[in-house]
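Here the structure is laid out as structure tokens; the discussion comes afterwards.
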Amino acid sequence: MSDGPQLATTRADLAAARALMRGPVVLAPTMGALHDGHARLLGAARTLAGPPGSVIVSIFVNPLQFGPNEDLDRYPRTLDADLAICARERADLVFAPTAAEMYPGGRPEVTVDPGLAGQRFEGEFRPGFFGGVLTVVLKLLHLTRPAIAVFGQKDAQQLALVRRMITDLNLDVVIEPVPTVRDPDGLAISSRNRYLSAADRAVALALPRALLAGHAAARGGADAVLAAARGVLAVQPALDVDYAALVDPGTFGPAAPGPALLVAAARAGRTRLIDNVALVLPAEGAGDAAHH
Ligand code: PAF
């Protein structure tokens, strides 16, 4: 194994390191607090880059995507542990800028508008979130100029919106989705899981169980999926559900027969979790399914 990745904290250092990189360059954008889900993301990036290519991991807790009442200050920052994981996954470069380095003029005046799909679901519950995500992703793409960028499927709406931005703004990068990693109890791994008490975690498990039940009911059509998922959620009233819905994977509008996503978001204690499962809806009875 090498000595670990090079660390760049400024745009100038990143540009100097990037100029020496051999392609394909693969970007794995993260907010740090790296866990097994990220390890999978970084592993996928390494495979896509191959031996000749280069992997850049960005670690930046992006203030632009946090609302005033969200957990920006509380968000875990674990750079040393993150660097060890990047080394283990054979990343070549870690770009870990400060907020002042990323936004030298403070909050940017010009930002990316995530459009209609960005107002639904997470966009409704977290106003401004996707504008912040897409703006920083666009900046990171410009700064690192990758051939490929990897994004986790756990953040399915983010993935869909990044893809839409790539298409709508003619960006020259391939987006590769990476499957969600789950703990043995079924909970999707997330940096925020560390906030869960044992009791919160027991409550949170209703979320993946509901998705599993919905998935198992897919052959029965959209109504059966939603009834199965909501049935599981209903027996855990301590889980405060924001939404559980069937959506089109690209637009997050109403799901149609064919590939669809069952998406859900809920709070266990003070911790908000999101999760999703892909399924295929049969032709019959699958229309008009994406209501809250
Ligand atoms: O998914 C994340 O960790 C963040 O939203 C991202 C893509 C790194 C942008 O800050």
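The values are calculated or read from the model by the stated rules, or taken from the named source; none is laboratory data. These numbers were taken from a predicted model, which means no experiment stands behind them. We place every Cβ from the backbone using ideal geometry, glycine too, and count neighbours over all the protein chains shown. For the accessible areas, the whole protein counts, side chains as well, though only heavy atoms, and no ligand, DNA or RNA atoms are used. Shrake-Rupley method; radii C 1.70, N 1.55, O 1.52, S 1.80 Å.
The stretch between THR167 and VAL280 holds 38.2 nm of extra length on full extension. This uses 0.36 nm per residue minus the Cα-Cα distance. One compactness figure for the chain is 1.01, namely its Cα radius of gyration divided by 2.2 N^0.38 Å. Axis angle, to the nearest 10 degrees, between helix 206-216 and the longest C-alpha principal axis of the chain: 70 degrees. Largest first, the three principal axis extents of the alpha carbons in the stretch 199-292 are 40, 23, 17 Å in whole numbers.
Comparing VAL178, ALA234, ALA198 along the charge dipole axis of the stretch 170-275, the residue lying farthest to the positive side is ALA198, per the Cβ-charge model. The mean sequence distance of close C-alpha pairs (under 8 Å, at least 6 residues apart), as a share of the length of the stretch 88-232, puts its relative contact order at 14 percent. Between PRO282, ALA33, PRO52, the Cα set farthest toward the positive side of the dipole of the chain (charges on each charged residue's Cβ, about the Cα centre) is that of PRO52.
Along its three principal directions, the equivalent ellipsoid of the stretch 6-178 from the Cα gyration tensor extends over semi-axes of 24, 18, 16 Å, largest first. Counted by Cβ distance under 9 Å from LEU42, the other residues give a net charge of +3, where Lys and Arg count +1 and Asp and Glu count -1.
Residues ARG90, ARG22, ARG267, ARG272, ordered by accessible area of protein heavy atoms at a 1.4 angstrom probe radius and largest first, appear as ARG22, ARG90, ARG267, ARG272. Annotation: the antiparallel percentage among DSSP beta bridges lying fully within the chain is about 50. Under 5 Å between amide hydrogens, built in the peptide plane, is the criterion, and for VAL94 it picks out GLN6, LEU7, ALA8, VAL57 among residues at least 5 positions away or on other chains. Where does the charge balance sit around ALA33 when Lys and Arg score +1, Asp and Glu -1, over other residues with C-beta under 9 Å from its C-beta? Value of the local net charge: +2.
The base-10 log of I(q)/I(0) for the stretch 1-97, evaluated at q = 0.11, 0.13, 0.17 Å⁻¹, reads -0.32, -0.44, -0.72 [Debye formula, identical scatterers on Cα atoms, solvent excluded]. When peptides 225-236, 189-200 are sorted by average Cβ neighbour count within 10 Å, with the highest value leading, the order is 225-236, 189-200. Here the sum of -39500 (n - 2.57) over DSSP H runs of 4 or more residues, divided by the residues of the chain, equals -10000 deg cm²/dmol at 222 nm, to the nearest 500. Based on Cα contacts under 8 Å between residues 6+ apart, the stretch 191-287 shows a relative contact order of 31 percent. Each Lys and Arg Cβ is given +1 and each Asp and Glu Cβ -1; about its Cα centre, the stretch 191-287 then shows a dipole of about 440 debye.
If I take every Cα pair under 8 Å that is 6 or more residues apart in the chain, average their sequence separation and divide by the length, what percent do I get for the relative contact order? After rounding, I find 17 percent. Across the accessible surface of the chain, with the other protein chains kept in place and a 1.4 Å probe, carbon and sulfur atoms take up 55 percent. Between the listed residues ALA222, LEU169, PRO249, the Cα displaced farthest toward the positive end of the dipole of the stretch 148-268, a dipole computed from Cβ unit charges relative to the Cα centre, is found at ALA222. Below 12 angstrom from the Cβ of PRO208, what's the summed charge of the other residues (Lys, Arg +1; Asp, Glu -1)? Surrounding charge for PRO208 is +1. Relative to the longest principal axis of the Cα atoms of the chain, helix 222-234 runs at roughly 80 degrees.
Spacing of the modelled spin labels on VAL235 and ASP13, each 7 Å from Cα toward Cβ, amounts to 5.3 nm. Only Lys, Arg, Asp and Glu carry charge here, each on its Cβ (+1 for the first two, -1 for the last two); on that basis the chain has a dipole of about 360 debye about its Cα centre. Among GLY105, GLY23, GLY128, the residue with the largest mean-square fluctuation in a Gaussian network model of the chain, with springs joining Cα atoms closer than 10 Å, is GLY105. Averaged over its residues, the chain has an accessible area of 46 Å² per residue, based on protein heavy atoms and a 1.4 Å probe. The angle separating the long axis of helix 79-88 from the principal Cα axis of greatest extent in the chain is about 90 degrees.
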